[in-house]
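Undergrad: Pasting a structure here, questions to come.
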Amino acid sequence: MNMNILRYGHDSFGERVVNGASWELLPVAFWTGVAVIVAHLVYRAFSRRRARKGGG
């Protein structure tokens, strides 16, 4: 399997230019965002619990 991260094309002068990112990366970006949100919620829950106990 060949996964190209960036898509390339040519401009009017024949130079190679970047057209954009590959759609194959969309699930990676989505799950990375979900992981960041979950990690933030877990951190917030533990930090609030410590603050209630007076430990932090």
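Undergrad: What ranking of LEU6, LEU25 comes out by heavy-atom accessible area, probe 1.4 Å, highest first?
TA: Result, largest first: LEU6, LEU25.
Undergrad: Run the quick spin-label model on ARG49 and LEU25: label points 7 Å from Cα toward the beta carbon, then report their separation in nm to one decimal.
TA: According to this spin-label approximation, the distance is 3.6 nm.
Undergrad: Turning to a different aspect of this structure: For the chain, take the longest principal axis of its alpha carbons; what is the angle in degrees between that and the long axis of helix 26-53, to the nearest 10 within 0 to 90?
TA: 20
Undergrad: Would you mind estimating how fast the chain diffuses translationally, via Stokes-Einstein at 20 °C and 1.002 mPa s with the Kirkwood radius over Cα pairs, in µm²/s?
TA: 143
The values are calculated or read from the model by the stated rules, or taken from the named source; none is laboratory data. Everything numeric in this text was worked out from a predicted model, so none of it was measured. Neighbour counts are summed over all protein chains in view; Cβ atoms, including those assigned to glycine, are modelled from backbone coordinates with ideal geometry. The accessibility values were calculated without ligands, DNA or RNA, using every heavy atom of the protein model including side chains. Shrake-Rupley method; radii C 1.70, N 1.55, O 1.52, S 1.80 Å.
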